[in-house]
Every structure is written in C-alpha cells, then in structure tokens.
Amino acid sequence: MRRSFPFLAGAALVVASAAPAVASDGDEGFTIKDSRITESSGLVASHAHPGIYWTHNDSDDGPYLYAVDSSTGETVARITMTGVGAPRDVEAISLGPDGDLYVGDIGDNLGGTWKYVWVYKLPEPKVLKDQTIRATQYVVKYADGARDAEALMVHPKTGRVYIVSKNEDGGGLYEAPAKLTTSGTNVFKRIADVDLWTTDGAFSPDGKQLVVRGYFGGIAYSWNDGKIKKQGRLNVPLQRQGESVAYTADGSELMYGTEGANSEVKAESVPGGGEGGSSSKGGGSHSAGGSGGDSDGLNANFKVGALVLAAALAVVFGLKRLLRRN
C-alpha cells in the first residue's frame with residue numbers, strides 16, 4: 001500500500017484501551033533503523049547470512065533491496081537490481097531453494113487494472129556490501145484477470161512460485177507454472193481461496209506450512225502439494241500497518257513487519273510449535289487449532305480491540321478507495 005494514514009495511530013490507541021495488556025515479545029525482534037526504509041513491505045530471512053533479513057520499500061522507491069542485521073537493526077548492504085526496468089509497486093520478497101531471492105512487483109494501487117505484473121529473481125550475494133546485481137524479470141498474468149496482490153511465496157522444496165491476491169472480502173492462492181520463463185507470459189492459476197485480506201505470506205522452511213497475514217490477523221494452513229487446509233488463526237501483533245511476515249531461518253518463530261520509519265519487526269510463536277516441535281514463546285493462545293478457548297485460535301484478549309480497529313480502518317480504506325476512483 002502506497003501510504004499509511006495518521007489515523008491509524010489513533011485507532012491503535014483505541015485498541016490499546018479496549019484490550020487488556022499482554023506481555024511484549026519485542027525483545028526477540030528488532031527495529032529497522034535505516035532512514036531510507038520507510039515503507040518496509042516484504043521480509044525474508046537469509047539462509048546464507050545468519051541473522052540477516054532482506055526487505056524493501058513499497059511502491060516505486062526504486063530497484064533496491066536492503067540487508068538488515070537483526071542484532072542491531074542496521075542495514076549492512078543495499079542491492080541495486082539491474083535488468084528490471086523501473087519497478088512499479090514492489091510488495092513481497094521470498095527465498096527459493098536455489099538460493100535466489102524472488103521479488104514480487106505485484107501490487108496494483110489502481111485496484112487490479114494493470115494487465116501484467118512482474119517477478120524478479122536474483123542470486124543472494126555471498127558477500128554483504130553495497131553492490132549492483134543483475135536480475136531476471138518474469139512477466140506475470142492471472143488466468144482470471146488482473147488483480148491486486150502483496151504476497152509472493154516460493155516453496156522451499158519445489159521452487160514453485162505462488163501469489164495470494166489482496167481483497168477485502170478474501171483473496172485467492174495462485175500457482176505459477178512449474179518453471180518460470182522469460183520468453184513469454186507466466187500465467188498464474190487460482191487453486192484455492194484464502195479467507196483473509198492478505199498483505200503477505202510465507203512458507204515454513206520445511207515446506208509443510210503456509211501462513212498468511214493481514215492488517216488485523218492471520219491464518220496458518222497445512223500444505224500438501226498445493227492443497228491447503230486451515231489449521232487456525234495466527235496471533236498477529238498490533239502494528240501501525242502490518243505488511244510482512246517471515247519465518248526465522250530455523251522455522252522456530254514468525255517475524256512480523258510493518259511500514260513506517262523506525263519500524264519494528266516483532267517475533268511471535270509458530271502455530272504448532274514450529275519445526276523444532278516446541279516454541280520458545282509459551283501459551284496455547286499462540287497456537288493454531290489448539291484445544292480449549294476460542295476454537296479458531298484467536299487470542300481472546302485482542303478480540304474487542306481488533307473489532308474496533310477493523311471498523312476504523314474500514315472507514316479509512318473505504319475513503320481511500322473512493323478518492324482513488326475520483
């Protein structure tokens with residue numbers, strides 16, 4: 001999304017007053033300190049460089065990727081992509097099993113009217129320093145027509161690329177051809193419905209789980225060769241404009257990012273305890289599909305606040321849509 005609204009800060013205060021306080025998980029997250037990163041929209045953990053997360057700005061900031069050290073919040077490298085023209089609305093980043101970074105120039109601030117979008121692929125650099133790297137550009141269309149999207153995921157075992165479309169009433173999971181081509185258009189086909197206004201998604205490192213997040217919550221799905229089954233709700237932290245989600249490199253936690261200057265990346269438990277079988281953050285309230293309490297796994301402490309925030313944001317985004325159309 002191109003801009004956040006000052007009103008969101010006020011809405012967040014409403015939620016804070018409406019919901020009981022809970023313990024902070026920020027001690028295992030980090031704050032992005034680079035003043036150039038004001039609209040962090042995608043996030044992925046590096047596997048080649050422990051503790052490094054790749055991110056980028058939203059919209060038409062330029063062909064730049066930033067490597068952020070999670071121990072300090074400082075940028076240790078900025079990559080300039082070449083061979084991709086002028087990015088239009090970069091929304092997502094993922095890492096493939098080939099060690100390449102995949103960048104989704106898939107946003108559509110005009111509400112799904114662009115005839116095509118792009119995916120860029122480039123090798124993750126072995127040395128972290130400011131440098132220019134040539135990327136491969138793929139043209140993407142959807143089998144059922146143009147649409148807005150902010151979530152791009154590459155399966156860590158098969159290397160197949162997936163996109164989740166963004167819609168207030170829920171989106172769709174779209175699957176790429178088995179192998180992307182530069183010689184023509186890559187047509188993504190809808191294979192499942194996703195019941196969320198999705199701003200990002202990620203596969204677990206073992207490829208057995210898919211998570212998607214939105215502004216107000218998230219969903220965990222089990223993954224079986226393109227077939228998804230809902231496991232339950234994610235415990236998404238309250239953020240000013242939640243735009244990204246990523247698994248840690250070892251799959252033990254989920255990292256949630258947001259837009260804005262000095263934006264915080266917050267750590268939360270992985271539904272089901274993550275790949276290690278247990279989570280460092282306790283409590284069944286973080287688990288999806290657990291027994292007892294709310295059947296969909298939502299943390300009851302946030303229900304009232306989430307409803308208030310949802311109503312407030314519905315007004316804001318409704319006004320934005322009207323202004324955009326005029």
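Could you rank the peptides 166-173, 201-208, 243-250 by their average count of other C-beta atoms within 10 Å per residue, with the highest value first?
Those peptides, ordered most packed to least, come out 243-250, 201-208, 166-173.
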**Prompt:** Sorted by accessible area (1.4 Å probe), largest first, how do F30, F216 line up?
**Reply:** F216, F30
**Asked** What residues qualify as long-range amide H neighbours of D200, i.e. H under 5 Å apart, gap of 5 or more or another chain, H built at 1.01 Å from N?
**Response** R213
**Asked** Using the per-residue mean of other Cβ atoms lying within 10 Å as a proxy for protection, in what order, highest first, do the peptides 121-132, 176-187 fall?
**Response** 121-132, 176-187
**Prompt:** So which of K121/K229; K121/K157; K33/K266 end up more than 19 Å apart by C-alpha?
**Reply:** K121/K229
**Asked** If each of T132 and R88 carries a label point 7 Å out from its Cα toward its Cβ, how far apart are those two points in nm?
**Response** 2.5 nm
**Fill in**
With 0.36 nm assigned to each residue of separation and the Cα-Cα distance removed, D193 to T80 gains 37.2 nm
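The values are calculated or read from the model by the stated rules, or taken from the named source; none is laboratory data. Here the structure is a predicted model, which means the values were calculated and not measured. With ideal geometry, Cβ positions are generated from the backbone for all residues, glycine too; neighbour counts draw on all protein chains shown. Note: accessible area is taken over every heavy atom of the protein model, side chains too, but ligands, DNA and RNA are not part of it. Shrake-Rupley method; radii C 1.70, N 1.55, O 1.52, S 1.80 Å.
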